[in-house]
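**Student:** Please read through the structure below; I'll follow up with questions.
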Amino acid sequence: METPTLLVLAAGMGSRYGGLKQIDPMGPADETILDYSIWDAIDAGFRKVVFVIREEFEDAFRLALGDRISEHVEVGYAFQCMHDLPSGFEVPAARLKPWGTAHAVFSAREQITSPFAVINADDFYGRDAYMKAAEFLCAPPEVTGEASACCLVAYTLGKTLSDHGEVNRGITSQTVDEELELVEEITGIARNDSGRIEGLASDGTTRVLSENAAASMNFWGFSPRLFDQLDDQLTAFLASGVDLDSAEWHIPTLVDLLVRQGKASCRVLSSTGNWFGVTHRKDKPLVMNAIARLVSEGEYPSPLWETSLER
């Protein structure tokens with residue numbers, strides 16, 4: 001049985017946060033959120049971690065995290081470059097930002113050959129999420145033809161909001177068998193003055209959202225067969241008429257399309273753990289307090305890596 005790989009999306013620019021939140025210390029002994037994510041992943045059975053970063057961040061990233069965790073797990077790096085595109089496409093002169101999270105996965109195609117999970121570098125998902133993802137990846141459901149089986153670890157929307165600004169979330173609907181039917185990217189989500197949760201749909205209309213809606217926090221699980229599909233899917237995205245100066249290709253959009261095309265099935269796994277993250281700099285004290293509480297309750301040692309994980 002192949003052991004799963006953890007793919008960490010850490011190439012974001014952190015414009016709303018105002019810095020490299022991927023390596024900003026959060027724990028009692030200056031651990032990053034990623035330290036805890038990788039600790040939980042190793043505990044769940046992941047044996048390799050691949051970081052998708054921008055090449056100019058490599059030295060800072062290795063110093064802040066990579067070299068430290070390489071003593072505990074195999075580490076690889078992939079660079080997300082705007083010019084890494086299928087043949088026949090070029091980057092518009094006016095484009096400034098990376099191509100999005102699905103392109104970040106595409107960037108790691110030479111690094112991954114086993115089933116893999118995808119996470120954001122700046123989100124704390126909790127041990128339960130890694131356990132459920134690893135269980136799925138080690139024994140995925142059978143699929144026919146060229147389709148691939150994937151999974152999404154979902155959280156209750158009301159527990160994923162920020163008190164300090166708007167957030168973007170993929171809002172899902174699924175069958176009674178927990179198979180994903182639809183994932184829609186909703187932007188600018190926040191509570192209004194009456195406490196109601198609202199956000200903007202892709203057509204620009206305001207959407208009222210349920211407190212208990214299943215929300216994607218970008219924790220996905222995939223078969224390596226996904227990489228056989230990505231080149232064609234990226235080509236189709238670039239040729240679809242979107243504004244290439246600013247358009248982004250995201251994982252929820254990719255998975256939604258693959259499911260509708262019959263090229264993938266996606267199981268929705270509901271996490272019982274608590275999610276927290278740092279979208280805005282004012283979120284940092286809340287995250288630090290939450291981690292300190294988990295450490296005081298014995299969920300994690302401190303300093304983290306001075307204690308060996310039992311494998």
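The values are calculated or read from the model by the stated rules, or taken from the named source; none is laboratory data. Bear in mind the structure is a predicted one, so any value in this text is a computation, not a measurement. Cβ placement follows ideal geometry from the backbone for every residue including glycine, while neighbour counts extend to all protein chains displayed.
**Student:** With respect to the numbered conditions (1) more than 27 Å from V255 (Cβ to Cβ); (2) exposed (fewer than 15 other Cβ atoms within 10 Å of the Cβ); (3) out of contact with any Pro (no Cβ under 7 Å at 6 or more places or on another chain), which one is the sole condition not fulfilled by I69?
**Tutor:** Result: I69 fails condition (2) only.
**Student:** Under 20 Å from F219 (Cβ atoms) and small (G, A, S): does that describe A108?
**Tutor:** Judged against the criteria, A108 is a match.
**Student:** When the range 42-77 is examined, which residues are found to be more than 21 Å from A134 (Cβ to Cβ), among the small types (G, A, S) and in contact with a helix residue (DSSP H, G or I) (Cβ under 6 Å, 6 or more places away or on another chain)?
**Tutor:** Matches in the range 42-77: A64 only.
**Student:** Pairs under 7 Å by beta carbon, first residue surrounded by 18 or more Cβ atoms within 10 Å (Cβ to Cβ) in the range 224-240, partner acidic (D, E), six or more apart or different chains?
**Tutor:** Cβ pairs passing all conditions: none.
**Student:** Within the range 206-217, can one find any residue that is surrounded by fewer than 17 Cβ atoms within 10 Å (Cβ to Cβ), polar (S, T, N, Q) and out of contact with any Asp or Glu (no Cβ under 6 Å at 6 or more places or on another chain)?
**Tutor:** yes
**Student:** Answer with yes or no whether E198 is loosely packed, with under 14 Cβ neighbours inside 10 Å, at pLDDT 90 or above and outside any helix (DSSP H, G or I).
**Tutor:** Considered against the rule, which asks whether it is loosely packed, with under 14 Cβ neighbours inside 10 Å, at pLDDT 90 or above and outside any helix (DSSP H, G or I), E198 comes out as no.
**Student:** Here's another thing I want to ask about it. Being at pLDDT 95 or above and surrounded by fewer than 20 Cβ atoms within 10 Å (Cβ to Cβ) narrows it down to one of G14, G45, G18, so name that one.
**Tutor:** G45
**Student:** Would you please name the residue that is farthest from L7 (Cα to Cα), looking only at residues in the range 125-156 that are buried (at least 24 other Cβ atoms within 10 Å of the Cβ) and not hydroxyl-bearing (S, T, Y)?
**Tutor:** Looking at the filtered set, the residue picked out is A154.
**Student:** Just checking, which of A64, A94 is touching a Ser or Thr at 6+ places or on another chain (Cβ under 9 Å) and touching a residue at least 60 places away in the same chain (Cβ under 8 Å)?
**Tutor:** Matching residue, one of A64, A94: A94.
**Student:** So, in the range 157-179, exactly how many residues are in a helix (DSSP H, G or I) and buried (at least 22 other Cβ atoms within 10 Å of the Cβ)?
**Tutor:** 1
**Student:** Output the residue which, of all residues in the range 130-144 that are more than 16 Å from V118 (Cβ to Cβ) and in contact with a strand residue (DSSP E or B) (Cβ under 6 Å, 6 or more places away or on another chain), is modelled with the lowest pLDDT.
**Tutor:** The selected residue is V143.
**Student:** Sticking with this structure for a sec: G27: touching a helix residue (DSSP H, G or I) at 6+ places or on another chain (Cβ under 8 Å), modelled with pLDDT of 90 or more and at negative phi, yes or no?
**Tutor:** yes
**Student:** Counting only residues that are part of a loop (DSSP other than H, G, I, E, B) and acidic (D, E), which one in the range 23-39 is farthest from W305 (Cα to Cα)?
**Tutor:** Out of the qualifying residues, it is D24.
**Student:** How many residues does the range 180-214 hold that are touching a Pro at 6+ places or on another chain (Cβ under 9 Å) and over 14 Å from E166 (Cα atoms)?
**Tutor:** Final tally of qualifying residues: 2.
**Student:** Follow-up. Working carefully through the options L182, L258, L244, L254, find the one that is modelled with pLDDT under 95, aliphatic (A, V, I, L, M) and surrounded by fewer than 15 Cβ atoms within 10 Å (Cβ to Cβ).
**Tutor:** None of the other options fit; the residue is L182.
**Student:** Filter the range 84-141 for residues that are touching a Pro at 6+ places or on another chain (Cβ under 8 Å) and of a type in the set (A, V, I, L, M, F, W, C) and give the result.
**Tutor:** A104, I112, F116, A117, A133, A134, L137, C138
**Student:** Here is a follow-up. Check whether at least one residue in the range 83-104 is part of a loop (DSSP other than H, G, I, E, B), at pLDDT 90 or above, in contact with a His (Cβ under 8 Å, 6 or more places away or on another chain) and within 28 Å of P285 (Cα to Cα), and report yes or no.
**Tutor:** Yes, because at least one residue in the range 83-104 is part of a loop (DSSP other than H, G, I, E, B), at pLDDT 90 or above, in contact with a His (Cβ under 8 Å, 6 or more places away or on another chain) and within 28 Å of P285 (Cα to Cα).
**Student:** Further question: Among the residues of the range 40-82, how many are closer than 26 Å to E2 by Cα and either in a strand (DSSP E or B) or among the hydrophobic types (A, V, I, L, M, F, W, C) (or both)?
**Tutor:** Residues in the range 40-82 being closer than 26 Å to E2 by Cα and either in a strand (DSSP E or B) or among the hydrophobic types (A, V, I, L, M, F, W, C) (or both): 19 in total.
**Student:** Which condition from (1) touching a helix residue (DSSP H, G or I) at 6+ places or on another chain (Cβ under 6 Å); (2) without any contact (Cβ under 8 Å) to a residue 12 or more places away in the chain; (3) charged (D, E, K, R) is the one that D177 breaks?
**Tutor:** Going through (1) touching a helix residue (DSSP H, G or I) at 6+ places or on another chain (Cβ under 6 Å); (2) without any contact (Cβ under 8 Å) to a residue 12 or more places away in the chain; (3) charged (D, E, K, R) one by one, D177 breaks only (1).
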